[in-house]
1. Over 21 Å between Cα atoms: which of Lys183/Lys384; Lys402/Lys441; Lys84/Lys335; Lys406/Lys441 fall into that group?
2. Hey, can you grab everything whose amide H is under 5 Å from the amide H of Leu409? Only 5+ residues off in sequence or another chain; H modelled, so Pro and N-termini drop out.
3. Packing-wise, with mean Cβ within 10 Å as the measure, how do 413-421, 389-397, 89-97, 109-117 rank, highest first?
4. In debye, nearest 20: dipole of the range 135-180 around its Cα centre with unit charges on the Cβ of K, R (+) and D, E (-)?
5. List the extent of the Cα atoms of the chain along each of their three principal axes, largest first, rounded to whole Å.
6. So what is the relative contact order of the range 63-339, in percent, for Cα pairs below 8 Å that sit 6 or more residues apart?
7. If R0 is 51 Å, what FRET efficiency do you get for Asn41 and Lys91 from their C-beta distance, rounded to 0.05?
8. Output needed for the range 92-189: three equivalent-ellipsoid semi-axes, defined as square roots of 5 times the C-alpha gyration tensor eigenvalues, in descending order, whole Å.
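A short reminder: the numbers here are calculations on the coordinates, not readings from a lab. Since we're looking at a predicted model, the values are computed, not measured. No Cβ is skipped: glycine too gets one built from the backbone with ideal geometry, and neighbour counts run over all protein chains shown.
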Amino acid sequence: MKSAEQEKKYFINPYTNLKDIRKYGSLIIEKGRGIYVYDENNNKYIEGLAGLWCVALGFNNKRLIKAANKQFNLLPYYHSFTGKVPLTTLKLSEELVKISPKSLTKVLYANSGSESNDTAIKMAWYYQNALGRTKKKKIISRYRGYHGVTIMSGSLTGMDYAHKGFDMPRDFVVHTDSPHYYKDSLSQESPSEFVNRLLKNLDNLIIKEGAENIAAMILEPIQGAGGVIIPPDNYLKGVQKLLKKNAILLIVDEVICGFGRTGNMFGCDTFQIKPDMMVIAKGLSSGYVPISALLINEEIYETISDFSSINNVFGHGYTYSGHPVAAAVALETIKIFKDENIIGHVKEISEKFNTKMEQLNVHSIVGNARSIGLIGAIELVQNKYNKTYFDPKIGIGSRIVKNAQKNGLIVRALQGDIVALCPPLIINSKEVDILFNKFNKSIKDTEVELNTERLM
Ligand SMILES: Cc1ncc(COP(=O)(O)O)c(C=O)c1O
C-alpha cells in the first residue's frame, strides 16, 4: 500500500473515520489538563500554541466548565433579535465595555474571528453610507495579516494560501506592507527609517486609491499567523495618524493579541493606539466555546443606529450571536482574569519567557528569535550571517514541529520558515523551563538531522 507521502495527495482532515486519519498521521488528542494535552495513547504534550492561540486559561479550568453548566441549566439558548436579549449576554457586554479601550461602547456578537471581521467591514460600509460617503468602499489590509477565511475576511488576509484557487482577494481589498523589520528592512536601514518608509508607502497608497474611496484599514497589533511580526516603535501610531488625517476608520483585530497575550489586556494598550472598532475572539472564552465580538465607538453606533431608523431595519445578526452559554463562559473568563490577576501573571512570567526566547538566538539555524508578552517566534535561516533562507524543499519549520512533537511539545510552523510559540497564559515558571528545554532540544535535533543529511 502506498504511504500518504507517496500518494502525494493533500490531506484535509476529513473528520470521517479513524483509519484515514491514522494513515495520514494526524495526532488524535483525547484530553487536556493545564498547559498539557494528551493523545489517544496517553502521551503528554505541552500545548505550545494554546491550541490555535486561544486556550489562555489552560485545558481544564473548573470555573469555566461550571459557568457553562450553570448557564445550560438556566437558559441554554436565546437570541438577540426582535427586542429580546439574554440577560447573561447583556452582562457580558457591560463587562466588555468596561475592560476595552475607553472609546468603545457597544458590542456586536458573532461566533468566530472571521465572522466578526466580516461584521466590522459591513459596519464600516454601513457607517460610511450613512454619512453619504458612498464611494468609501476599499479596505486596506496588510501582507502577512491574518483575518480569517470567509470571503470577506479571507480577502483581508494577506497570505497567498488563503486566496489561491478561491477567487480571492475580492477587489475591495488593497494590501500594504507588513512591518517585518528582520526580513524586509533594507541593508543598513534603521528601525525608524524602516517605519518611515512603510508609512510613506501607505501614504502613497492612500493617495493612489483616493481617501474618498477608502472606508477602513484593518490590522492586528502583532501579526500572528503571518509570523508573529512585532511592529517597530511608532509604526502603529504613525498608521493611526495617517488614517485619521484621511477619515479612514481603524479596525484593530485583537483576535490573538486580546485578552492578555502581549502583557496588557489588549494589543491596543501595549502599542498605544485607539481603535474605532475592535475585534475579539479566542481568549474571550479561552477557546472553550465559539464566541467573538466587534466593539464599536459611540459615534459609529449612533450613526448606524440612526441610519437603521431611516431604513426601518438593521439587517444584521446571526442565530447564535451572543449565545448565552458562550456569554457565560466569556463572563467567567473576565472574572478569572480579575480574580487571579492573569495580566499581572503574564507581565511577571513573560520576563522569563522573553529571556528564554532571546537565548534561542544562539542556535546556528535561528536567524531571529522575537517575542513580547507570551507570544514569540523563531525565524529559521540556513546562514544567519548573510540571512540566507533554507530551500523550501527542506521544510525546515515542519522538521522542528515534528521533532518538538517527538519531544512532547506542540508548536506551529508558519509560512516563511517561522515557528511560533504562544503557550496558555497560566504557564508557570517551572513549565516555562520545561517548554524551553524541549524547544531547545528540538532545534538541536533538527540541526543534527540536517548535518547528517548534509543540508547545512
Ligand atoms: C488575528 C486573527 N483574526 C481572525 C482570525 C480568524 O478567526 P476564526 O478562525 O475564529 O475565524 C484569526 C484566527 O486565527 C486570527 O488569528
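1. Lys84/Lys335
2. Distant-sequence amide H within range of Leu409: Ile46.
3. Ranking, from highest mean packing down: 109-117, 413-421, 89-97, 389-397.
4. With only Lys, Arg, Asp and Glu charged at Cβ, the dipole is about 260 debye.
5. For the chain, the Cα extents along the three principal axes come out at 71, 57, 49 Å.
6. Over the range 63-339, the number comes to 29 percent.
7. For Asn41 and Lys91, the calculated efficiency is 0.75.
8. Whole-Å semi-axes of the equivalent ellipsoid: 27, 19, 16.
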